[in-house]
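Values quoted throughout were computed directly from the atomic coordinates according to the rules given, and no laboratory measurement underlies them. Computed from a predicted model, the values in this text were never measured in an experiment. We place every Cβ from the backbone using ideal geometry, glycine too, and count neighbours over all the protein chains shown.
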Amino acid sequence: MRSAGVICLIVSWPLSTCSRISSSFSTRFCSTTYSDDCVSTKVNLTWGVSAQFDVSPRWGLRFDYDDYGQAGDEFETGRASLDMWSMNVLFRF
């Protein structure tokens, strides 16, 4: 059995009529039951920052950085630090 949950807070600050900066903070809970006596529970704190620039009233660009913390088991799979850079093209209908 596997269960998970996310609590997230997103804050956005407008810099001008065509640009804004946002930040996000979240906590991810994950619990996995392998058998009656083997349960694994993980809590990861994640955060991210983004900057959005509107090129026109319909088109915009957003640049994001997200840090997902550590993943994996130190003894079985090895630990890895997970982060992501992304660029998004936005279109408003």
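List of remarks:
- Coupling constants for region 64-69 follow from the phi torsions by the Karplus curve (6.51 cos²θ - 1.76 cosθ + 1.60, θ = phi - 60°), and in residue order they are 10, 10, 10, 10, 9, x Hz; glycine and proline get x.
- Gain in span if fully extended, residue 10 to residue 29, counting 0.36 nm per residue against the direct Cα distance: 5.0 nm
- For the peptides 79-91, 12-24, residues were scored by their other Cβ atoms within 10 Å and the scores averaged per peptide; the highest-first order is 12-24, 79-91.
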